Amino acid sequence: MSHGVKAAPGLIGFAAAFGAFGDKPDVVMSGVNLGANTGRATLHSGTVGAALSASGHGIRGFAVSIASGDPQHWETARLVTDHALAWLLDQPLDERVLNVNVPDIAPDRLRGIRPATLASFGAVQAQVKELGVGYVQLSYTGVEAEEE
């Protein structure tokens, strides 16, 4: 069974853990997110946040992103998601969070699936500026970085 919910992803993972949608799920899947979740900002990603929130309550969490703002190859995302989900379900419960990034390429161009650590860069640079007592301004700019 699956549910589509309009709310903050982390909150949805939390609500699922407490039976908001029926029995406690075996897996909370989040995504497919547009744009890769590969750098340190991944820790602030809503998509990954849902998986982390679920994991904190003993549920396997699974976040999927496609490396494009305008994806053309959804069949590749489906193929990789199916493979990764089967792998995740075969792991011990203590291996609970999986963050998958799918390239936006045709399935026949896919060269395999491999584990990776977080990249040292992010696709977005954030700045925090104090605007007065009790007020801050957050700004984000895209970053051109060599893929690792």
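The values are calculated or read from the model by the stated rules, or taken from the named source; none is laboratory data. Given the structure is predicted, the values throughout are model-derived calculations rather than measurements. A quick note on method: Cβ atoms are made from the backbone with ideal geometry, for glycine too, and the neighbour counts reach across all protein chains shown. Surface areas here come from the heavy atoms of the whole protein model, side chains and all, with no ligands, DNA or RNA. Shrake-Rupley method; radii C 1.70, N 1.55, O 1.52, S 1.80 Å.
Val128: accessible area at probe 1.4 Å, nearest 10 Å²?
Val128 exposes around 110 Å² with every protein chain in place.
For Arg40 and Leu93, FRET efficiency with R0 = 35 Å and r from the beta-carbon atoms, rounded to 0.05?
It comes out at approximately 0.85.
I'm spelling it out carefully: the read-out is volume of the Cα convex hull per residue in Å³, the candidates are (i) 148; (ii) 94; (iii) 121, and one was derived from this structure. Which label?
(i)
Measuring with a 1.4 Å probe in the full set of protein chains, what accessible area per residue, in whole Å², belongs to the chain? Display every interim value, and only then the final one.
Numbers: 10060 Å² over 148 residues.
Computed with neighbouring chains in place, this is 68 Å² per residue.
What length, rounded to one decimal in nm, is gained on full extension from Glu75 through to Phe21, with 0.36 nm per residue of separation minus their alpha-carbon distance?
Roughly 16.6 nm would be gained on extension.
Out of Gly35, Gly22, Gly56, any idea which swings most in a Gaussian network model of the chain, alpha carbons joined below 10 Å?
Gly22
Measure off, as a whole percent, the carbon and sulfur share of the 1.4 Å-probe accessible area of the chain, all protein chains present. Show your work: numbers first, answer last.
Details: 5370 of 10060 Å².
Of the solvent-accessible surface of the chain, carbon and sulfur hold 53 percent.
Calculated from DSSP H runs of 4 or more alone, at -39500 (n - 2.57) each and per residue, what is the 222 nm mean residue ellipticity of the chain, nearest 500? Please report the intermediate quantities before stating the final value.
Numbers: 3 runs with 35 residues, N = 148.
Here the helix-only value at 222 nm equals -7500 deg cm²/dmol.
State the Cα centre-to-centre distance between the range 28-61 and the range 83-102 in whole Å.
Value for the Cα centre distance between the two parts: 12 Å.
Treat each spin label as a single point 7 Å out from the Cα along the C-beta direction, and report the Asp82 to Val128 distance in nm.
Going by the 7 Å Cα→Cβ label model, 4.4 nm.
Give the accessible area for Phe14 in Å² (nearest 10); use a 1.4 Å probe, count only protein heavy atoms, and leave out ligands, DNA and RNA.
Only protein atoms counted, so the area is about 90 Å².
Which far-off residues, 5 or more places away or on another chain, put their amide H under 5 Å from the one on Arg60, with H placed in the peptide plane?
Close amide H contacts, sequence-distant or interchain: Val28.
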